[in-house]
Structures are given as C-alpha cells and as structure tokens.
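Let me begin by presenting the structure, written as structure tokens, before commenting on it.
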Amino acid sequence: MKRIQKIIRMTGVNRFFNSEPVRFGMVTGVFVPTLLTILGVIMYLRLGWVVGSVGLAGAWLIIAIAYTITTTTALSMASIISNIRIGPGGAYSIITRSLGIEIGGSIGVPLYLSLTLSVILYIFGFREGLLLIFPALSPLLIDIFTFCLIFGIVLFSTDIAFRLQYLILAIVIGSLLVIVGSGMSATPVFDISTIPTGTSFWIVFAVFFPAVTGIMAGANMSGELKNPRKSIPIGTFAALCASLFVYLGLSYWLAGAASREMLVDDYTIMFDLALVQWLALAGLLAATFSSGLNSVIGASRVLRAMADHAIMPHSSWFASCNRNGIPRNAILFTAIIAGLALMLRELNSIAPLITMFFLITYATINIVILVEQNLNLISFRPLIQVPRVVPLIGALGALFTMFIINPVFSLVALGMVVLVYYLLMSRHLNPTGLDGDVRSSLFVSIAEWAAKKSITLPRSHGRAWRPNILIPVLSPQDVRGVSEFLHDITFPSGSVSILGITKKEDSDRFSLGLDPLVKEFQREGIYSSWTMVRSPDLAQGVTISLQAMNSAFFGPNCIFLRKPADEVQKNELSRILADESSQRIGFILYASHPRAGLGSRNIIQLWIPENYGTESSWSFGLQFDLSLLIAYKLRMNWDARLELVVSISDPRIKQTMQSSLEKLLVLARIPVNRITITSQRPDEFFAAHTPADLNIFSFTGDLDFSEVTDLVQMSRSTCLFCRDSAEENIFA
C-alpha cells in the first residue's frame, strides 16, 4: 500500500484531487518545456540537410543568427518581466500590460491560433516518425490516437503533463547519445557553400529558424509559476544555452559522420547512423509529443488570459478553471479547433504563417522594451537592464526573418494583426485587473517632443488654429442645453474644457455633475476635460484660470459664454471681456432664441462689418476671422447653406464690396452659397427676409447686451457673437 502511495505521489496523480491550484518551479514549468520545444522535429529531420547544404561553417552561422534573434528577444522579455507583475498568458500579458489591451489582443489572437495549429503539425511529425518504425499502421488512426492522448493528458492534469516531460527529456538525451555514439568517419571541414540546386543560404536559414521559436513555452505558463519573475528568465536562458550546445555539437558530428551529398539527400540520416535506431526514433517521437503537449498548454493559457480581459465572446466560460487551476473549457475549445484542423490532413501550406505569428510576437516584445526605455518613465525600473541595441537587434531580426522566410505570408500575418486590432478598437474594451499601460505616456512624450520642437520654429498660430473651447459654468446644467452645439463647432479636431466655478461647500456635487458631461463629449469623438476653481463669482474664477493657463502650450483659445440672464451676470461678463488677461483669447457669446432655438440647422447667416468688407482694410488685420471659421465648421457639420450679409451705408460701394468679398472667399478657401450686400439696416433686413437658423455677428471690445437682445428678437433666430483673439487667420 505504501509503495502504491509513493508511486501516486511521484506521478503527481494525487494533485488532481487537491483543491489547490498547482504551481510550478523554474525547472518543471520553464526549463524542461522550453528545451524540449526547441529540440524538436527540425533537429532530427532537417539539421543534417542544413549542414549538407551550407557546410559546417554555414550551419554554425545560421545557428548563431537564429540564436541571436531569440536570445535578444529573451533578454527583452526578461527585462520586462523583471519590471512588472506578469499575469497569465505569457507574451500576451507582457504586451497587454505595456501597449494596451487592443495591441495585446491583436497579437494574442493569432498567437493562440498558431499554438493551436502547431499541435497538429507536431502530431503529423509524430506520425511520420512512428511510420518509420511501423509502416503498416494507419496514418489517420495514429493522428486520432495521438490527438486524444495529448488532449486527454492536458485536460486531466497539467502537473502530470509536465512530469511526463522528465521521461521525455530522458528519451531525447538517450537518443542523442546513441546518435553521436556511432562516431565520425572523417574530420569535419569548416566551409560554407551551397550544393542543392535552387537553394541559398537564406532559404536554408528559413528552414532552420522555426526550430528556435519555442522560447515562449515556459513564459506561456506565467500564471501558474511559483515565481514567474525569476523562473522565466533563468529557465529560458538555461534552455537556450543547453539547446545551443546541442545544435552546435550535433552539427559538428553530422559534418564528420556523413558526406555532404548524403546529408542533403537523406532526411533520416541520423537514424540510419545511430547505434540503436529505435531509440533514436524514440527521441523524435518523444520530442514531437512533448511539443504537442506544450502547445496545447500554452494555447489554452493564452486563451484563458484573453478571456480574463473580455476579449473573447462568452469570456466567462473560457476563463473558468477547475479547482486545480486547469482551464478546462479553454482546453476543450482548443481541442475543437485543433480537431477540425486535423481533419484537413494537410497544414504544410499554412505552416509558414504560424512561424510569422511567432515572429510578430517576438518583434512586439522587443518593441515594448524599446518604447519603455525611450520614454524614460520613472516607473520603468527593471531588475534586469539591457542596452537599447539588444531589443533593436531582436525587433529588426524578427522582422527581417519574417520576410526572408515568406514575404507573402508576412504581409498576410501583419494584415490579420491589424484586422484584429481594428475589431478590438471598435469594441471599446475596458477590462478590469489591468494597472494601465504606456500608451498615454507614449503620446504625452510625443506631444512634449513636438511642443519643444515647435518652440524652436517660427510660430504659425493661424495654420495650427482649431477651436479649443473653454466653458466657464456655475452649474453643470449650464452646458446641457448647448452640448450638441458645442460638438458642432469643435468636431472633429477641437476640444472642450469645462471650467466649474464653485464654492467649497458644493464642490463634490459639482464634480459629480461634470464627469458625465465630459464622457458624453468623449463618446462623440471630442477631446474633453473638466476642472474646478473655487471662486466667489464667475468673473474672478475665469480671470484666475486664464492667468494660470497663460503659459500652457495646449491651452484654450476661445471662451464660450451664454447670454446673461440678469444684471449680475451682465456685470460679470463685462468684467471678463474687459480683463486684460482675456484680450489674447477669443470669445463666443451664445444667445438662444426662446422659441426658435437652432431651427432646422439649414441656413447660417454671417454678418460682415462694413469697415472690414473692402480689400484695403485687410492689411490691418480682419476682425471677423473667428466668426467666419466658426461659420465654416457649422456649415460642414450641419451640411447647411452659408450666406454672407453686409449692411452698407453707401450704395455706391456695393460693386466694390462684392468684388472684395469674392476675392476674400477665394483666398480664404471657404465656400459660401450667397453674398448679400444691402442698404437696409439689420432690423429692416430681418423684417423683409425669412429667418435663418443662426445669425453670426462679430464684435470688438465690450458688448451691449441690450443690442444682443434686440438682434435675437429682430432676427427671430439664435445669434452668435464672436470676438477675435488675433490668433485666428482665415488666410492661413
């Protein structure tokens, strides 16, 4: 009985009945699966062809280049992991926590599919090896049996799957010993050349490189490691070093064990030369079976990690685990996808695409560390520091290898990543459990660089002008009635900043009301923010804010105010307009008609001051630039008619005025549907014409609020009154 219990403990079956999730150490969880994934089918069936094709020196050079790319990627991964608390999903978690959920998902989805389809490729490799021993067996039955065995083991217990790998590792080591134990017939010659017709150095490199794409096998288990920050770097590098030693040594042996012609023509040369052929073949079977196990484990963990962040439909089902932490639903779904692929019976045509997705993942990991290093954020404090050249080599090497292997599949893979990214962006994901990423810091750094750069260049406010509106309010309700209009004068490139002017006792209530307003603008595609100033009145609050924003590079350039309702508000608005700090900012006064509102938004009438309607006045600067720019924005967003109206006192200048305005509009590149030059006063004009939906006027200095009220009543429409800041320029 005691002996049975000991066997159960050794095999790990007892952990299946344990209620605690199993956690793995560095050797079991990282080193062994990574090593076995690298020492796979290419080593057994293609390494001899590589040596025969390009010679020993060429083979070592290919191995060196391949390992340089993977080692730099491993260094980048180690640096990132030493700086973050990595979650489940390995590479997916690394990319998501750095570049955001959308980029992480756009890499994670194809990575998951690649791992899933890789299972079938390893099953096919297992079948080919088994047929060398038992050629009478049915290939389909071998595939189905191997498929069921692999998924059954992983579904039953990950711990058992990993413990089996110790036996598999022993078989692989034994197979290598019986292979090299046969000795060499000649001293290897260090040369580099190409024998097969149509074969080049880079074609041979493309065949070999997939052998070293298994460096993520341990990282994919990040959610089930005892100490991923320590285990992943150490285990991965140990596996890389051990496998590099094997590949270099085995290449040396192959160069001396057979002729170049034999190596090129016979893919099974290793088994033919081995002391014990069945044991050598057992190594191939063990390696492909182990790689299949690791691919299933890795794919299911990536799928579960994406489900945790609600990337997948029915994410709660995919994310569920049993009491041992095994994501059985994710494994079952992976089995369905792999089973359908198994029935296709031929995956060689898409095998390069699988390698592309691995390489895109490696390139992205290196890009992550490059971004983090160049942002110089204080939060980036990795325990493992790497020079900038390391991720640069890794990123460029991965991209270079993609297009060396297959340019067409490289473009297809990149296209699929972009497509998934677009789909995820359209879903506006907001997952829980993420501490944020560096995207905002990246764009802030770009903005800071651009701001510093622009200071050294000649200023051109007119060309860069866009409506960045500041809205001072005493209550959140002050914005409610004009939020749609504010959207129309700022969309798509402007911004809205709400300035809440409040007293201390109602600040909490105020902030609760402002936040939904800002989010409403953001949902409509307008950058929006809010802040509060404690002040006894509106005028003082605006003055203080303008003084504070005076040196801000991206500060507001226009203040939006509503028509005052009483004498107190009139006095405050007059103080704001007269304040010296407000002279360098534009003003928009919105005077709504109580019944007409904005009508059907079909006709906009812009009133041009008579003294600025002639060409001779342009050299002194126009005073209706802001009015014309706002009218142009509304014309586009409303799809409305824009009509210019000028009331002149001398009918003799009508023709001159007409010519001047036509020339002005050509220079300003603003389409106008009609120009009306009239000798009628505004009250006479409004009485004789159908009301427009909006009338826009320009003003300088202070405003006569009685005149504002009269114009609203006479025009029978909502009116807008604009004062330039001299920063606008319709000719820019």
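Does I150 fit the bill of being under 23 Å from I38 (Cα atoms), free of Cβ contacts under 8 Å to residues at least 24 places away in the same chain, assigned by TED's automatic domain parsing to the domain that holds M402 and among the β-branched types (V, I, T)? Considered against the rule, which asks whether it is under 23 Å from I38 (Cα atoms), free of Cβ contacts under 8 Å to residues at least 24 places away in the same chain, assigned by TED's automatic domain parsing to the domain that holds M402 and among the β-branched types (V, I, T), I150 comes out as no. Restricting the stretch 543-567 to residues that are modelled with pLDDT under 85 and β-branched (V, I, T) leaves a set whose member that is surrounded by the most Cβ atoms within 10 Å (Cβ to Cβ) is T543. For the stretch 285-326, residues that are closer than 21 Å to R23 by Cβ and either surrounded by fewer than 23 Cβ atoms within 10 Å (Cβ to Cβ) or of a type outside the set (S, T, N, Q) (or both) total 20.
Residues that are part of a loop (DSSP other than H, G, I, E, B) and among the small types (G, A, S) were ranked within the stretch 514-569; the one that is farthest from L470 (Cα to Cα) is A565. Which one is surrounded by the most Cβ atoms within 10 Å (Cβ to Cβ), of the residues in the stretch 213-230 that are among the small types (G, A, S) and within 23 Å of the chain's Cα centre (by Cα)? Restricting to residues being among the small types (G, A, S) and within 23 Å of the chain's Cα centre (by Cα), the top hit is A219.
The residues in the stretch 170-189 that are on the phi < 0 side of the Ramachandran plot and part of a loop (DSSP other than H, G, I, E, B) can be counted, and the count is 8.
Yes/no matrix, rows are residues, columns are (1) assigned to a strand (DSSP E or B); (2) farther than 21 Å from G597 by Cα:
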| residue | (1), (2) |
| --- | --- |
| R466 | no, yes |
| D478 | no, no |
| P492 | no, yes |
| I498 | yes, yes |
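In the stretch 468-494, which residues are modelled with pLDDT of 85 or more and farther than 18 Å from V542 by Cα? Answer for the stretch 468-494, where residues must be modelled with pLDDT of 85 or more and farther than 18 Å from V542 by Cα: V482, S483, E484, F485, L486, H487, D488, I489, T490, F491, G494. Consider the stretch 705-732 and keep the residues that are β-branched (V, I, T) and at pLDDT 90 or above. The one that is surrounded by the most Cβ atoms within 10 Å (Cβ to Cβ) is T718.
Matching residues to (1) under 30 Å from E261 (Cβ atoms); (2) in contact with a Pro (Cβ under 8 Å, 6 or more places away or on another chain):
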site: R46; (1), (2): yes, no
site: I69; (1), (2): no, no
site: T72; (1), (2): no, yes
site: I107; (1), (2): no, no
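When we screen S175, S93 for residues that are within 34 Å of the chain's Cα centre (by Cα), polar (S, T, N, Q) and crowded, with 23+ Cβ neighbours inside 10 Å, the only hit is S93.
In the set (1) closer than 29 Å to G339 by Cα; (2) part of a helix (DSSP H, G or I), L61 fails one condition alone, (1). For the stretch 406-424, the criterion of being modelled with pLDDT of 85 or more and within 30 Å of K230 (Cβ to Cβ) is satisfied by no residue at all. Taken over the stretch 96-120, the criterion of being closer than 30 Å to D143 by Cβ, surrounded by fewer than 24 Cβ atoms within 10 Å (Cβ to Cβ) and under 17 Å from the mean Cα position of the chain (by Cα) is satisfied by P110 alone. Please verify whether the stretch 91-111 includes one or more residues that are in the same structural domain as G298 (by TED's automatic domain parsing), in contact (Cβ under 8 Å) with a residue 40 or more places away in the chain, out of contact with any helix residue (DSSP H, G or I) (no Cβ under 8 Å at 6 or more places or on another chain) and assigned to a helix (DSSP H, G or I). For the stretch 91-111, residues in the same structural domain as G298 (by TED's automatic domain parsing), in contact (Cβ under 8 Å) with a residue 40 or more places away in the chain, out of contact with any helix residue (DSSP H, G or I) (no Cβ under 8 Å at 6 or more places or on another chain) and assigned to a helix (DSSP H, G or I): absent. Name the one entry in A57, A64 that is within 30 Å of V180 (Cα to Cα) and out of contact with any Asp or Glu (no Cβ under 7 Å at 6 or more places or on another chain). Of the residues listed, the single one that is within 30 Å of V180 (Cα to Cα) and out of contact with any Asp or Glu (no Cβ under 7 Å at 6 or more places or on another chain) is A64. T361 meets the conditions (1) within 26 Å of S79 (Cβ to Cβ); (2) more than 18 Å from the chain's Cα centre (by Cα); (3) modelled with pLDDT of 85 or more; (4) assigned to a helix (DSSP H, G or I) in every case but one. The failed one is (2). When T72 is tested against (1) of a type outside the set (K, R); (2) under 28 Å from A335 (Cα atoms); (3) surrounded by 24 or more Cβ atoms within 10 Å (Cβ to Cβ), only condition (2) is not met. Of all the numbered requirements in (1) polar (S, T, N, Q); (2) in contact with a Phe, Trp or Tyr (Cβ under 9 Å, 6 or more places away or on another chain); (3) farther than 26 Å from S493 by Cβ, N695 misses one, and that requirement is (3). Note on the stretch 127-147: among residues that are among the β-branched types (V, I, T) and in contact (Cβ under 8 Å) with a residue 24 or more places away in the chain, the one that is surrounded by the most Cβ atoms within 10 Å (Cβ to Cβ) is T146. Here F731 qualifies as more than 19 Å from Q569 (Cβ to Cβ) and within 52 Å of the chain's Cα centre (by Cα).
Here D702, D693 are screened, and the one residue that is in contact (Cβ under 8 Å) with a residue 60 or more places away in the chain, charged (D, E, K, R) and crowded, with 20+ Cβ neighbours inside 10 Å is D693. Checking each residue in the stretch 480-490 for being under 16 Å from L694 (Cα atoms), β-branched (V, I, T) and part of a helix (DSSP H, G or I) picks out only I489.
From the list A305, A299, A286, exactly one residue is of a type in the set (G, A, S), under 18 Å from T28 (Cβ atoms) and not in a loop (DSSP other than H, G, I, E, B). Which is it? A286 is the lone residue from the list that is of a type in the set (G, A, S), under 18 Å from T28 (Cβ atoms) and not in a loop (DSSP other than H, G, I, E, B). Is it the case that the stretch 327-335 has a residue that's over 21 Å from G90 (Cα atoms), of a type in the set (K, R) and surrounded by fewer than 17 Cβ atoms within 10 Å (Cβ to Cβ)? No - not one qualifying residue is present in the stretch 327-335.
The values are calculated or read from the model by the stated rules, or taken from the named source; none is laboratory data. Predicted model, so just to flag it, every value in this text is computed and none were measured. Backbone-built Cβ (ideal geometry, glycine too); neighbour counts: all protein chains shown.
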